[in-house]
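Below is one structure; the comments refer to it alone.
The values are calculated or read from the model by the stated rules, or taken from the named source; none is laboratory data. Nothing here was measured: the structure is a model prediction, and the numbers come from that model. Ideal geometry is used to build each Cβ from the backbone, glycine not excepted, and the neighbour counts take in all protein chains shown. Keep in mind that these areas ignore ligands, DNA and RNA; they rest on the heavy atoms of the full protein, side chains included. Shrake-Rupley method; radii C 1.70, N 1.55, O 1.52, S 1.80 Å.
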Amino acid sequence: MTAAEEEVRSYPFGPITRLDLDPTLVELCGEQPVLRVRLPFGGDGWLVTRHADVRTVLADPRFSRAAAVGDHVPRTVAVGLPRTSMLSMDPPEHTRLRRRVTNAFSLRRLKALRPRIEEIVHELLDAMVATGAPADLTTALTWPLPITVICEMLGVPVADREQFGEWVDGLLMLADPEQAARARAQLDEYLAGLIAQRRVTPTDDLLGELVAGADEDDGADEDGPLGEEELIGLGVSLLSAGQEATANQIGNFVYTLLTRPALWQQLSADPALVPKAVEELLRFIPNSATAGFTRIATEDIELSGQLIRAGDAVVAELGMANHDAEVFERPYEIDFHRERVAHVTFGHGLHHCLGAQLARLELRVVLEVLTDRLPGLRLAVPADQLSWRTERLVRGVAALPVSW
């Protein structure tokens, strides 16, 4: 037995603080890039932190997501994803479902969507400016924007969006299995209702397209028809992924820039830097409060000299991988002129985030419009007085009071 296997440490190692990386994690990963840990739910697993190893775990089919379904599996979240979720599948099932929705996030569609995103951002800022400073940017912009965009794409009624946001929030709780399970059941029931409506009254939104494609299958489609649970699972995955992560990222981006005024001034002076700034901030800011979804090794595999045995659970720390000094020069600095930004914030391999390009588009539009319309944007309270969302899978500032 190796030294890494003899000592098992409880993970996470300490409380999540703002957007900081856990100092214990930073120290340990340099010594043991593949570390045996006791996860909050289900038992022990391997924590992988090096960029190269993380990419291997995310892309190598020998690390299975389908094998990680079940309450007995070591994991960081209270309630694991169901088998019907695309994130819980391996090929060929995963390939079959992903192919159904890939076109919705094509570059052509997103290019056509950009004017509408810009319109929403301007409308939200118009309302904020009209109300006057100070204003909470999370309430005014960071939460309304992504939920409006993804709900319009899928066809979720405007009146239901606030309720939907509460369910997604509960679904991503780290330590409350009852609340997470209840939120999942409510989301499933809600999506089942929308699907039933579209069978009676067809629509041209994304959910309507999925329902029509499933109901009209005549055997000619090599992927086969979508089942009811698969339709619901796809809807929940798209709605939750399109809202929670992006909303928090927008707030975290603005917080990071406003607490480093020189960076905000760079973007205000040179809007052409925004695309590179988005990639660098995606790399620099840890998005998840803890390591990602568990994978199970299906055969013996070696990572950084450590043997991972068949059946072992493995989780990947994306935030640490994005600060790997072997890949990123000066990893703990923000550099908008960085040439190579091979970050893994959106994952890697077959489970690479389907909505990554949509998130990038929303982030770019927000920074372009904010720096243009409100170049004097600043925090309205000292940074150490800001409150943060806790006990959730995705990190985020709870409120962002600003003046301009």
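Worth pointing out:
- Over the range 279-384, relative contact order from alpha-carbon pairs under 8 Å, at least 6 apart, %: 25 percent
- Computed [θ] at 222 nm, deg cm²/dmol, the chain (DSSP H ≥ 4; -39,500 (n - 2.57); rounded to nearest 500): -14500 deg cm²/dmol
- For the chain, the solvent-accessible area of protein heavy atoms averages 43 Å² per residue (probe radius 1.4 Å; ligands and nucleic acids excluded).
- Shape analysis of the range 342-404 places it in the oblate category; the axes a ≥ b ≥ c from the Cα gyration tensor give an a/c of at least 1.5, with a/b not above b/c.
- Kyte-Doolittle at least -0.5, axis length at least 24 Å by Cα - qualifying DSSP helices, the chain: 107-131, 177-200, 228-258, 356-373
- Take each peptide in 187-193, 393-399, 112-118, 43-49, count the other Cβ atoms within 10 Å of every residue, and average; sorted highest first, the result is 43-49, 393-399, 187-193, 112-118.
- Under the shape rule built on the C-alpha gyration tensor, where the axes satisfy a ≥ b ≥ c, the range 69-119 is oblate, since a/c reaches at least 1.5 while a/b does not exceed b/c.
- Amide hydrogen proximity for ARG392: with H placed 1.01 Å from N in the peptide plane, the residues at 5 or more positions away or on another chain lying under 5 Å are LEU174.
- Length available on full extension from GLN265 to THR102: 0.36 nm per residue minus the Cα-Cα distance, which gives 55.0 nm.
- Ordering of 297-303, 349-355, 284-290 by packing [mean C-beta count within 10 Å, highest first]: 284-290, 349-355, 297-303
- Alpha carbon centroid spacing (whole Å) that separates the range 354-399 from the range 153-167: 21 Å
- Net charge of Cβ neighbours under 11 Å - reference PHE293; Lys, Arg +1; Asp, Glu -1: +3
- Loop-resident trypsin sites (Lys or Arg not before Pro) (DSSP state other than H, G, I, E or B) in the range 282-317 with no more than 13 further Cβ atoms inside 10 Å of their Cβ: ARG309.
- Of the trypsin sites (Lys or Arg not before Pro) found in the range 335-381, those in coil by DSSP whose Cβ has at most 13 other Cβ atoms within 10 Å are ARG340.
- Taking the chain and dividing mean pair separation by its residue count, relative contact order in percent (alpha carbons under 8 Å, at least six apart): 26 percent
- Gyration tensor (alpha-carbon) shape descriptor, the range 1-114, a/c threshold 1.5: prolate
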